[in-house]
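Chemist: One structure, pasted below without further comment.
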């Protein structure tokens, strides 16, 4: 019988066992994933199983006969003396977390249990140790701690970012109440509100897009489109950020057009995010360059700036959600660190790649996007879904929203576009107006005080006049399940608040097949 087999008995003299049982016990010990080691009371290793060999790296012939302190860091030698003292008193040590050293010098965390080994007369003659490598557990615990810390930091940052626009909005609204306000001051106050609402809307849109992409729910509406038109849309979206910092933007474009198969809205989002990011981290009056080239079957778009640059250690982490370079959270409109993560995800969904470059802090940065180009034989692009659903015809439109300001301002915008509009602040009143008015399109809030918008849509669809009406769900909820529920209730479109004013007319007309597939 080996010392290792006796380790199963901790505090009583071992009972006699036959040779077959001993062989079975020895086989169990040898095949254990845990390190099972026996030693004398003076610390000399006497047995060494397969688990010990796998964890610590020593073969039995390399370690048996050597002191157990071979495995113990110098600063923890006193720990071994305390263990021996407890063993001499007949005490057992259970699941003690500590650190040991492997043959190649690595320090690994282990969970250690130690039991006294007795001879036939019950005298303590040594000890058996069971050591379990808990590196995986420690890594998991570290991941949980990191996730909790990142979550707390994110919530703090989110609260900060959502509060930031509220102060200028509130001040601007107060300004507009002032009786001596000039027309120019009123216009300035309105511009402040518009900018800050756009900032909040963009922030929330990015968060929802990242969440949908993480769950694999973000769908692309692909079509043939020219790269220059995507960049023009992106520059238009980023123009306020560029102008606010007085940046100069330069284009370097090839003579021949480049066509892609992609979602024009999402691709424009990629390049507008990169431009806004460059504007944010470039000192006022800086220079930005967009350079486009074709390399075989791929288009390359470089967005360069002469701004603050990126530390080398941050380059590889830039595209991680909520990751920001040092100091990126400082200053106005710094954001949540989701923009570049979203860019990376959208580029990847298009079969492309993105690379960040920088010579270091203060030396500017460059983001290079590579996208597959359309085959030369590809058919000409069909009209976009946006073009199909836009309408110049005056329509009868019903707006139902319990937020009076939202409903009334929406009505004014639609009336200025030439439409005839009726407004209701409750679902019941909206249904009454529908029976009188027979609207061709309806913008329906979901969270109404009496009936929700889903029920309103179902009741409208059950009428003769409502069977062909274009119904648009207007809501703050934008997840996949919310869109699915809207579709099931009979809505043609589902949009999240706030709706960009220029988009309102595009929501009223019939839905084309491409848009219907991407509902």
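Chemist: Label 7 Å along Cα→Cβ of residue 78; region 98-136 residues with amide nitrogen under 16 Å?
Modeler: So the set is 99.
Chemist: Could I have the simple spin-label model distance between residue 124 and residue 190, label points 7 Å from Cα toward Cβ, reported in nm to one decimal?
Modeler: Inter-label distance under the simple model: 8.8 nm.
Chemist: I would also like to ask the following. Taking neighbour Cβ counts within 10 Å as the exposure measure, how do 420, 132 sort from fewest upward?
Modeler: Listing 420, 132 from fewest to most nearby Cβ atoms yields 420, 132.
Chemist: Let me understand region 65-110 better: what is its radius of gyration from the alpha carbons, and its Dmax, in angstrom?
Modeler: Spelled out, the Cα radius of gyration and Dmax of region 65-110 are 11.5, 35 Å.
Chemist: Once the Cβ-Cβ distance between residue 197 and residue 220 is put in as r, and R0 is 22 Å, what FRET efficiency do you end up with, to the nearest 0.05? If you can, show how the numbers build up before the last one.
Modeler: Values: r = 27 Å, r/R0 = 1.24.
Efficiency computed from Cβ-Cβ geometry: 0.20.
Chemist: Can you tell me the convex hull volume per residue for region 223-372, based on C-alpha atoms, in Å³ to the nearest whole number?
Modeler: Dividing the Cα hull volume of region 223-372 by its residue count gives 101 Å³.
Chemist: I need the per residue convex hull volume for region 79-158, using only the alpha carbons, in cubic angstrom as a whole number.
Modeler: 126
Chemist: Multiply the residue gap between residue 98 and residue 250 by 0.36 nm, knock off their C-alpha separation, and tell me the result in nm, one decimal place.
Modeler: So the chain would gain 48.7 nm between residue 98 and residue 250.
Chemist: Let me check I have the definition right: for region 411-452, take the eigenvalues of the Cα gyration tensor, multiply each by 5, take square roots. What are those semi-axes in whole Å, largest first?
Modeler: For region 411-452, the ellipsoid semi-axes come out as 19, 12, 8 Å.
Chemist: Okay, moving on. Starting from 0.36 nm per residue, how many nanometres of slack lie between residue 146 and residue 31 once their C-alpha separation is accounted for?
Modeler: Numbers: separation 115, 0.36 × 115 = 41.40 nm, distance 3.51 nm.
Extending this stretch completely gives an extra 37.9 nm.
Chemist: Calculate log10 I(q)/I(0) of region 389-517 for q = 0.18, 0.22 Å⁻¹, where I(q) comes from the Debye formula with a single equal point scatterer on each Cα and nothing for solvent.
Modeler: -0.92, -1.49
Chemist: Please report the projected area of region 164-214's Cα convex hull averaged over all directions, in nm².
Modeler: If you wrap the Cα atoms of region 164-214 in a convex hull and average its projections, you get 3.6 nm².
Since every read-out is calculated from the coordinates, none of them should be taken as a lab result. A quick note: this is a predicted structure, and the numbers were derived from the prediction, not measured. All Cβ positions, glycine included, derive from the backbone under ideal geometry; neighbour counts span all protein chains shown.
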